[in-house]
Amino acid sequence: MKTKRHPKTTNNKSADRVSESEGMHYEGNCIRPPPEAFSILLQVTLGCSHNKCTFCGTYKDKRFTIKDERIILGDILFASKHMRNQDRLFLMDGDALIIPQNRLLWILDKIHDHLPWVKGVGSYANTKSISRKSAEDLNALRTKGLDRIYLGVETGDDEIREKIHKGFTARFCAEMGQKIKSAGMHLTVMVLLGIAGVNKSLDHAKATGGLLSAMDPDHVAALTVIPVPGTPFWDQLERGDLELPDERGMLLEMREMLRHTKLRGGTFASNHSSNYLSLKVRLPEGKQEALDLIDAALGGRIGLKPEWMRAF
């Protein structure tokens, strides 16, 4: 969707005088996590600050930039008039946490000023953006309302992380997840079933379970990778350099991952539309129940989602 361009401003006081826009300004592909389905979606950046992952084609249509303050404030003012029944807000696009601290605090202040009924704010983040925030920075953001972070972990296997251009080691990724939790923010992490291919499937599962255990997030969302045309990951599959596990292989991978995941009080879910089997359990008490459910699916006693119903 094309946006209405406003003159660029670097003066926060002049930005405060902008009038309400005629509608929310969204550019290019816009995504949000499933739990934010009923949130106000405020696009504060375009694209992803990393944008190198081989499997992802979401933000290839735009170059990463931080949106102009006038556009952001105009959208907040529009939401103040037309979105009064939505009590959460999600900052798009792929990595709003990368925004410099002062500007991000300004955005949160404007949300508080004009949308006082909003109870909390969520954002995607990546390892790099978390590393650039000090503990004091994160605490300040939490105080201003940023209370939920979504982090794409994908895998705990460093060999696979390098192949998919994820950046940083699994150990450093775990440290950044712990940093988010120490700031009092709710941490949801996403992992990808199938991303390692057939040959490394169980190694990936075991290593990812170890990473999740070290990070101890509040929620784990397991998604099944769906190849996107035009991405390097798609090209690997087309050349025959990589083979995806079949339905049974994906279930075995999820079982191995769950078996090695030890959370002190979080949830593990595969209820995303990309998965063949939907489950959601609380760990540690629900682990055996989940393993039994997967075993039932492996034994043919539970039906799997048909291919045509799966989507990323």
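No value in this document is a laboratory result; all are computed from the given coordinates. The shown structure was predicted, so the numbers you read here are calculated from the model rather than taken from an experiment. Because the Cβ atoms are built from the backbone with ideal geometry, glycine has one as well, and the counts that use them run over all protein chains shown.
When Rg and Dmax of the Cα atoms in Å is computed from the coordinates, the matching label among (1) 22.2, 66; (2) 56.1, 197; (3) 20.1, 65 is (3). Considering only Leu251, Leu138, Leu242, the Gaussian network model of the chain with Cα springs below 10 Å gives its largest mean-square fluctuation to Leu242. Dipole of the chain computed with +1 at Lys/Arg Cβ and -1 at Asp/Glu Cβ about the Cα centre; of Leu251, Ile99, Gly300, farthest Cα towards the positive end is Ile99.
When the Gaussian network model of the chain links Cα atoms closer than 10 Å, the mean-square fluctuations of Arg103, Arg259, Arg32 top out at Arg103.
Within the chain, DSSP assigns beta bridges of which about 15% are antiparallel (rounded to the nearest 5).
Applying a DSSP loop filter and a limit of 14 other Cβ atoms within 10 Å to the chymotrypsin sites (Phe, Trp or Tyr not before Pro) in the stretch 37-78 leaves Phe38. Angle between the Cα long axis of helix 69-82 and the longest principal axis of the chain, 0 to 90 degrees, nearest 10? Helix 69-82 and the main axis of the chain meet at about 80 degrees.
Looking at the chain as a GNM with Cα springs under 10 Å, which of Lys133, Lys81, Lys163 has the largest mean-square fluctuation? Result: Lys81 has the largest fluctuation of those listed. What angle, in degrees between 0 and 90 and rounded to the nearest 10, separates the Cα long axis of helix 201-215 from the longest principal axis of the Cα atoms of the chain? Helix 201-215 and the main axis of the chain meet at about 50 degrees. Annotation: lysines with alpha-carbon distance below 27 angstrom to Lys144 (same-chain offsets under eight excluded): Lys8, Lys13, Lys67, Lys81, Lys110, Lys119, Lys128, Lys133, Lys179, Lys181.
Place a +1 charge on the Cβ of each Lys and Arg in the chain and a -1 charge on the Cβ of each Asp and Glu, then give the dipole magnitude about the Cα centre in debye, rounded to the nearest 20. Mind showing how you got there, number by number?
Details: 45 positive and 39 negative charges, 181 e Å.
Taking the Cα centre of the chain as origin, the dipole is about 860 debye.
Multiply the residue separation of Phe38 and Glu175 by 0.36 nm, subtract the distance between their alpha-carbon atoms, and state the gained length in nm to one decimal. Spell out each step's value before the answer.
Working: separation 137, 0.36 × 137 = 49.32 nm, distance 3.07 nm.
My answer for the length gained is 46.3 nm.
What angle do you read, to the nearest 10 degrees and between 0 and 90, between the alpha-carbon axis of helix 170-182 and the longest principal axis of the chain? Helix 170-182 and the main axis of the chain meet at about 50 degrees.
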